[in-house]
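What follows is one structure encoded as structure tokens, with my remarks underneath.
The values are calculated or read from the model by the stated rules, or taken from the named source; none is laboratory data. Keep in mind it's a predicted model, so treat the numbers as computed, not measured. With ideal geometry, Cβ positions are generated from the backbone for all residues, glycine too; neighbour counts draw on all protein chains shown. With ligands, DNA and RNA removed, areas are computed over all heavy atoms of the protein, side chains included. Shrake-Rupley method; radii C 1.70, N 1.55, O 1.52, S 1.80 Å.
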Amino acid sequence: MTNILPAVRSLKDFEKLIDSPYKELVLLDIHIGHLESHMKTMHDHGFKVYIHLDLIRGLSVSTEALEFIQQKFKPYGIITTRGKMISKAKSLKMKTILRVFLIDSASVEKSIDLIRQTEPDLIEVLPGTVPKMIHFFSNVQNVDVIAGGLIETTQEVEHALQAGAKFVTTSKKDLWFR
């Protein structure tokens, strides 16, 4: 299903996608020493890769690190919780996904402010099992939404999409091919 944005943690996970209809993915939780080989393999198979900046082990999240990643690894885009990184990535002509954690009304207000300031290409709403908030951001705030976090069933995927999510991101491989 192309409304899934697979979240890959290893090359073994990635291998399941090679002959699939997917051509975009999120690379999570990787050691900086493995980034080059993973990116080469994924690019060689024609994939557009979003790197989750906050989850690269061995590299601090800074504008200088982002410039290095963009120059050396050429990702399609990035995911981060940091507005400063969204702004820098946009200046480098990269696609951007702002990850927001919605735990209370204060975090919702803070997220709205950050979205307005940075204008990311997409936002990832966590947890992705809250259709009310997916609807709020996708329809009321008019932002493309990715639902992520705690998505474990086909029904949760469907609810997120019905609420207005453009994509659902999950590392649950059985949902990639539902």
Relative pair counts by distance (%), Cα atoms of the chain, 10 Å bins: 10, 39, 37, 14, 0
Gain in span if fully extended, residue 40 to residue 107, counting 0.36 nm per residue against the direct Cα distance: 20.4 nm
Solvent-accessible surface (1.4 angstrom probe) belonging to residue 20, in square angstrom, nearest 10: 10 Å²
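Calculate the dipole size of the range 1-90 relative to its Cα centre from +1 charges on Lys and Arg beta carbons and -1 charges on Asp and Glu beta carbons; express the result in debye to the nearest 20. Walk me through the numbers on the way to the answer.
On the way: 13 positive and 10 negative charges, 47 e Å.
Once rounded to the nearest 20, the dipole reads 220 debye.
Using a 1.4 Å probe and counting only protein heavy atoms, arrange 113, 19, 44 so the residue with the most accessible area comes first.
Numbers: 113 75, 19 155, 44 105 Å².
Sorted by accessible area, descending: 19, 44, 113.
Quick one: with all protein chains in place, what share of the accessible area of the range 108-178 is carbon or sulfur, to the nearest percent (1.4 Å probe)? Could the numbers behind the result be given before it?
Details: 1700 of 3560 Å².
Accessible surface attributable to carbon and sulfur in the range 108-178 totals 48 percent.
I'd like to check one number: the per residue accessible area of the chain, probe 1.4 Å, reported in Å² as a whole number. Intermediate values should be presented prior to the final figure.
Numbers: 8750 Å² over 178 residues.
Counting only protein heavy atoms, the per-residue value for the chain is 49 Å².
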Dipole moment magnitude, nearest 20 debye, the chain about Cα centre, only Lys, Arg, Asp, Glu C-beta charged: 360 debye
